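The values are calculated or read from the model by the stated rules, or taken from the named source; none is laboratory data. As the structure is a computational prediction, the values presented were derived from the model and not from experiment. Reconstructed Cβ throughout: ideal geometry from the backbone, glycine too, with neighbour counts over all protein chains shown. Areas reflect the complete protein model, heavy atoms only, side chains present, ligands, DNA and RNA absent. Shrake-Rupley method; radii C 1.70, N 1.55, O 1.52, S 1.80 Å.
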Amino acid sequence: MKIALVFGTRPEAIKMFPVVHALRRHLGVDTRVIVTAQHRGLLDQVLEIAGIVPDVDLDVMTPNQTLDGLTAKLIVELGHAFDAEKPDRILVHGDTLTTMVASLAAYYRKIPVGHVEAGLRSGDIHHPWPEEVNRRVVACIADMNFAPTQAAADALLREGRDPATIHITGNTVIDALLATRDRVRTEPGLAAGLDPLAQRFAGRRIVAVTSHRRENFGGGMEAIARSIADIAARPDVAVIFPVHPNPHVRPVMDAVLGGLPNVAMIDPLDYPHFVRLMDMSHLVLTDSGGVQEEAPSLGKPVLVMRETTERPEGIAAGTAKLVGTDRTKIVREVLALLDNPAAYDAMARAHNPFGDGRAAQRIAAIVAGE
Ligand SMILES: CC(=O)N[C@@H]1[C@@H](OP(=O)(O)OP(=O)(O)OC[C@H]2O[C@@H](n3ccc(=O)[nH]c3=O)[C@H](O)[C@@H]2O)O[C@H](CO)[C@@H](O)[C@@H]1O
């Protein structure tokens with residue numbers, strides 16, 4: 001049986017490398033990796049750490065690529081890749097353009113599709129944009145839906161998906177997180193790049209920040225930048241912000257945060273370094289999806305700079321909170337966690353509503369037909 005895993009961005013690679021490793025332990029399965037490189041550098045960082053050399057690399061990323069330009073390129077290139085590889089099934093992840101277009105290209109060739117991290121829904125096609133629609137397109141096609149939680153499975157059932165196609169497995173990001181955290185603990189050199197910042201900010205409480213959501217471009221990013229500057233006015237605090245290379249993010253942040261002594265804007269970190277950053281932080285401020293799942297698993301309160309989330313489990317567990325992109329609200333919530341130990345303790349408990357670290361092996365066993 002030939003299975004092709006198709007992915008193109010950093011978060012997909014992080015959440016799919018455990019599935020590649022798990023499938024490769026099934027001798028009856030020929031596991032192939034097709035990457036589109038929708039993100040180039042960020043993707044390569046993960047592949048290198050995971051020890052994965054793609055079988056096919058479409059290398060599609062171009063500067064300022066547009067959604068329609070990327071869609072057009074992907075549908076043709078992925079079609080050619082599937083015609084050459086002839087997989088018995090493809091596996092895709094989450095909600096990116098690569099995910100959606102690979103599913104369509106497979107459907108055009110009647111190749112079955114398995115969807116990892118299926119069923120996440122915000123209920124709003126403009127938040128996250130365009131990911132909410134990408135997910136729903138894949139749901140029309142996939143005959144294996146690997147839902148991370150019961151809530152995700154319920155969303156698929158509400159859409160009328162066949163229960164026989166739905167498997168609750170946990171989110172593979174917990175597999176990646178726990179494996180990488182253990183590796184960093186046994187091989188500290190893997191994340192030694194953060195030593196200078198750890199020394200520079202010794203004695204301060206670290207706020208880790210990431211932000212790159214499309215729907216936050218423009219006014220949202222500006223408000224986020226100003227809220228970080230307000231937070232950094234506190235002498236007992238330091239901000240470490242790996243800035244996503246997207247051209248709509250860095251210039252905005254440089255203009256507002258450049259030169260502030262306790263704000264370190266750094267290049268995106270490879271996964272071991274980022275896991276260490278979360279581990280050494282007091283709290284995490286982010287508009288990321290995956291970080292909403294990871295931070296609670298490390299016992300770190302996570303404040304989500306979005307209006308909605310397709311990860312309600314962290315909110316329900318009280319380990320994550322939506323703060324939107326309103327400057328006043330972001331600052332108020334961060335200061336509350338800094339100055340109110342009871343509020344902090346209520347959020348800062350290790351909680352894994354998203355999985356137990358064994359999702360990838362469950363997915364591999366189902367795909368391999370065991
Ligand atoms: C709408 C939405 O939520 N969509 C999500 C989006 O993923 P995302 O929002 O999680 O994207 P990012 O925030 O870029 O990635 C985060 C990952 O990167 C790691 N990281 C971060 C900073 C850094 O400096 N170094 C790192 O290594 C970090 O630990 C984490 O694992 O697409 C995925 C694919 O379909 C979906 O699963 C997922 O729904």
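In the set 168, 174, only one residue is more than 22 Å from residue 47 (Cα to Cα) and either of a type in the set (Val, Ile, Thr) or not assigned by the TED database to the domain that holds residue 15 (or both); that residue is 168.
Figure legend. Inter-residue proximity from the range 176-195: first residues modelled with pLDDT of 95 or more and basic (Lys, Arg), second residues away from the ligand (no atom under 12 Å from the Cβ) and assigned to a helix (DSSP H, G or I), beta-carbon distance below 8 Å, spacing 6+ or different chains. No pairs are indicated.
Scanning the range 131-176 for residues that are out of contact with any Phe, Trp or Tyr (no Cβ under 9 Å at 6 or more places or on another chain), open to solvent by less than 10 Å² (accessible area, probe 1.4 Å) and more than 27 Å from residue 108 (Cβ to Cβ) yields a single hit, 153.
For the range 294-319, a residue qualifies if it is surrounded by 23 or more Cβ atoms within 10 Å (Cβ to Cβ), of a type outside the set (Lys, Arg) and under 19 Å from residue 14 (Cα atoms), and the qualifying residues are 294, 295, 296, 297, 310. Residue check: is residue 280 of a type outside the set (Ser, Thr, Tyr) and open to solvent by less than 10 Å² (accessible area, probe 1.4 Å)? When the stated conditions are applied, residue 280 does not pass them. Here residue 275 meets each of (1) touching an Asp or Glu at 6+ places or on another chain (Cβ under 9 Å); (2) in a helix (DSSP H, G or I); (3) surrounded by fewer than 17 Cβ atoms within 10 Å (Cβ to Cβ); (4) not small (Gly, Ala, Ser) with one exception, condition (3).
Taking residue 266, is it surrounded by fewer than 16 Cβ atoms within 10 Å (Cβ to Cβ) and within 23 Å of residue 214 (Cβ to Cβ)? Spelling it out, residue 266 is indeed surrounded by fewer than 16 Cβ atoms within 10 Å (Cβ to Cβ) and within 23 Å of residue 214 (Cβ to Cβ). With the structure loaded, tell me whether residue 291 is open to solvent by less than 40 Å² (accessible area, probe 1.4 Å) and either assigned to a loop (DSSP other than H, G, I, E, B) or closer than 21 Å to residue 216 by Cα (or both) or whether it fails that test. Spelling it out, residue 291 is indeed open to solvent by less than 40 Å² (accessible area, probe 1.4 Å) and either assigned to a loop (DSSP other than H, G, I, E, B) or closer than 21 Å to residue 216 by Cα (or both). When 93, 39 are screened for being within 11 Å of the ligand (Cβ to nearest atom), over 21 Å from residue 174 (Cβ atoms) and buried (at least 19 other Cβ atoms within 10 Å of the Cβ), only 39 passes. For the range 207-231, a residue qualifies if it is farther than 23 Å from residue 127 by Cβ and either hydroxyl-bearing (Ser, Thr, Tyr) or open to solvent by 10 Å² or more (accessible area, probe 1.4 Å) (or both), and the qualifying residues are 229, 230. Of the residues 22, 105, the single one that is closer than 20 Å to residue 173 by Cα and either within 15 Å of the chain's Cα centre (by Cα) or open to solvent by less than 10 Å² (accessible area, probe 1.4 Å) (or both) is 22. If you check residue 333 against the conditions, is it open to solvent by less than 50 Å² (accessible area, probe 1.4 Å), outside the structural domain of residue 96 (by the TED database), in contact with a Phe, Trp or Tyr (Cβ under 7 Å, 6 or more places away or on another chain) and assigned to a helix (DSSP H, G or I)? Answer is no for this residue.
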